[in-house]
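> Quick one: the structure is below, questions incoming.
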Amino acid sequence: MPEKITQLQKELETIIKGKKAVTDKIIMAVLARGHILLEDVPGVGKTTTALALSRLMGMEFNRIQFTPDVVPSDVTGFTMYEKQTGQFMYRPGAVMCNLLLADEINRTSSKTQAALLEVMEEGRVTVDGETHEVPQPFVVLATENPVGSSGTQMLPEFQLDRFMVSLSMGYPDHQSLVELLRDRQKVNPLELARTVITREEVLKLQSEVQDVYVADEVLDYIAKLAEATREHEMIVLGLSPRGTLALCRMAKAAAYMSARDYVIPKDVQTVFKDVAAHRMVLDSRARYQEKSAREILDEILAEVPQPKVEG
């Protein structure tokens with residue numbers, strides 16, 4: 001693993017206390033060219049994580065607070081008539097950046113959600129027949145309030161499928177909370193964050209992750225895990241082909257973060273639930289037995305035989 005990634009991890013740890021497992025997976029998703037969904041209660045560091053990541057990785061950062069009155073043009077941009085030139089000029093929307101924090105994405109209209117998710121998939125926006133490429137690298141980090149919170153609505157399954165991983169920050173443990181209080185007595189560590197990886201280096205790292213080798217035995221294992229989610233009696237909607245590709249890409253990033261240029265089954269297992277859980281639709285039996293998607297995915301990991309690949 002490049003020294004730059006190690007340095008990034010260390011710097012992120014000084015800002016986000018006690019959440020290395022989560023922040024490492026966010027870094028993996030960035031390296032795998034994916035988008036991240038963070039579902040959690042307010043105040044646990046979702047926004048701080050996005051800000052810290054943008055500063056440490058030298059990314060241009062935009063934030064859009066989703067409310068019911070946000071419209072698609074706020075996301076994609078719009079054209080405006082310039083009297084001086086007599087021409088229509090494109091005014092960029094929030095997506096024209098490297099890292100977009102889409103805050104509380106489940107509080108806005110379906111039309112506005114769809115506008116963002118289309119850009120995430122296509123990597124460009126089309127306004128009045130004119131296409132504009134988003135800057136590279138391009139990452140969306142969306143936060144979602146727990147379903148049932150005031151003014152929220154569930155994202156449709158086809159929209160959730162656009163996010164490579166779904167993660168939860170959770171509350172810090174006691175010691176991490178004490179350290180957080182101590183560090184912020186006089187200054188916020190976020191204010192001291194400086195770039196450790198440039199945008200050009202991020203693109204190079206993404207290319208290196210793409211070149212990580214995956215043996216046929218591991219590809220077969222990934223396919224069997226995906227098929228097991230579709231055949232499970234308590235799962236109505238399993239892992240899609242897009243989700244299966246995301247699992248493979250995240251496994252490559254996990255291998256890269258472990259200083260390997262090839263994937264082993266453990267890499268797949270490390271990211272499987274983060275890639276698959278938000279894509280699952282459970283049937284009434286699972287809800288009746290109070291089984292979560294992650295619990296069922298744990299069962300699948302235990303049942304599907306893993307290949308013997310040396311690591």
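> Not counting the cut sites, what is the longest span of the chain without trypsin sites (Lys or Arg not before Pro) that DSSP labels loop and that have at most 10 other Cβ atoms within 10 Å?
Free of exposed loop sites, the longest segment is 195-307.
> Could you tell me the extents of the chain's C-alpha atoms along the three principal axes, largest first, rounded to whole Å?
Projected onto its principal axes, the Cα set of the chain covers 68, 44, 40 Å.
> So for Y90, Y262, Y288, Y171, what's the accessible-area order with a 1.4 Å probe, most first?
The ordering from most to least exposed comes out as Y288, Y171, Y262, Y90.
> What ranking of L282, L245 comes out by heavy-atom accessible area, probe 1.4 Å, highest first? Could the numbers behind the result be given before it?
Details: L282 30, L245 115 Å².
Final ranking, largest accessible area leading: L245, L282.
> Next up: Counting C-alpha atoms alone, how compact is the range 4-107: give Rg to one decimal and Dmax as a whole number, in angstrom.
According to the Cα coordinates of the range 4-107, Rg and Dmax are 16.8, 56 Å.
> Determine the percent antiparallel among the DSSP beta bridges restricted to the range 5-142, to the nearest 5. Display every interim value, and only then the final one.
Values: 10 of 21 bridges.
The antiparallel fraction comes to roughly 50 percent.
> Another question, if that's okay. Below 13 angstrom from the Cβ of P92, what's the summed charge of the other residues (Lys, Arg +1; Asp, Glu -1)?
-2
> Another question about this same structure. For K224, which aspartates and glutamates qualify as cross-link partners when the Cα separation must be under 16 Å and same-chain residues fewer than eight apart are set aside?
D216, E233, D267, D298, E299, E303
> Moving to a separate point now. What list of ³J(HN,Hα) values in whole Hz, one per residue of the range 50-62 in order, does the Karplus curve 6.51 cos²θ - 1.76 cosθ + 1.60 (θ = phi - 60°) give from phi, with Gly and Pro shown as x?
Result, rounded to whole Hz: 5, 4, 4, 4, 5, 6, 5, 9, x, 9, 5, 10, 10.
> Can you give the relative contact order of the chain as a percent, counting alpha carbon pairs under 8 Å and 6+ residues apart?
Here the relative contact order equals 22 percent.
> Grab the beta carbon distance between Q306 and L192, set R0 = 51 Å, and tell me the FRET efficiency rounded to 0.05.
For R0 = 51 Å, the calculated efficiency reads 0.75.
> For the chain, what proportion of DSSP beta bridges, expressed in % and rounded to the nearest 5, is antiparallel?
Values: 12 of 29 bridges.
Approximately 40 percent, going by the DSSP bridge assignments.
> Out of V187, V275, V30, any idea which swings most in a Gaussian network model of the chain, alpha carbons joined below 10 Å?
Ranking V187, V275, V30 by mean-square fluctuation puts V187 first.
> Using a 1.4 angstrom probe, figure out how much accessible area the range 74-131 has per residue, in square angstrom, rounded to the nearest whole.
Heavy-atom SASA per residue in the range 74-131 reads 50 Å².
> On a 18 Å Cα-Cα criterion, which of the cross-link pairs K46/K266; K20/K308; K25/K273; K19/K291; K19/K204 come out too long?
Among K46/K266; K20/K308; K25/K273; K19/K291; K19/K204, the Cα-Cα distance tops 18 Å for K46/K266; K20/K308; K19/K291; K19/K204.
> Would you mind working out the magnitude of the charge dipole of the chain relative to its Cα centre, with +1 at each Lys and Arg C-beta and -1 at each Asp and Glu C-beta, to the nearest 20 Debye?
Its charge dipole is roughly 720 debye.
> I want the local charge near D220. Using Cβ-Cβ distances under 13 Å, sum +1 for each Lys or Arg and -1 for each Asp or Glu among the other residues.
That sum, taken over residues with Cβ under 13 Å, equals -1.
> Name the GluC sites (Glu not before Pro) in the range 1-67 that are in a loop by DSSP and that have at most 13 other C-beta atoms within 10 Å, would you? Display every interim value, and only then the final one.
Values: sites: E3, E11, E13, E39, E60; in loops: E60.
Loop-located and lightly packed - E60.
> First compute the accessible area of the range 1-62 with a 1.4 Å probe, then give the percent of it belonging to carbon and sulfur atoms. Working shown, then result.
On the way: 1060 of 2180 Å².
With neighbouring chains kept in place, the figure for the range 1-62 is 49 percent.
> Enter the accessible area of T85 (Å², nearest 10), with the probe set to 1.4 Å and all protein chains included.
90
> Taking the alpha-carbon distance from K4 and a cut-off under 17 Å, which aspartates and glutamates remain once sequence neighbours fewer than 8 residues away in the same chain are dropped?
E13, D24, E200, E201, E208, D261
> Please work out the C-alpha center-to-center distance from the range 180-213 to the range 49-83 and express it in whole Å.
A separation of 20 Å, based on Cα centres.
The values are calculated or read from the model by the stated rules, or taken from the named source; none is laboratory data. Bear in mind the structure is a predicted one, so any value in this text is a computation, not a measurement. Glycine also receives a Cβ, built like all others from the backbone with ideal geometry; neighbour counts cover every protein chain displayed. These area figures cover heavy atoms from the full protein model, side chains too; ligands, DNA and RNA do not enter into them. Shrake-Rupley method; radii C 1.70, N 1.55, O 1.52, S 1.80 Å.
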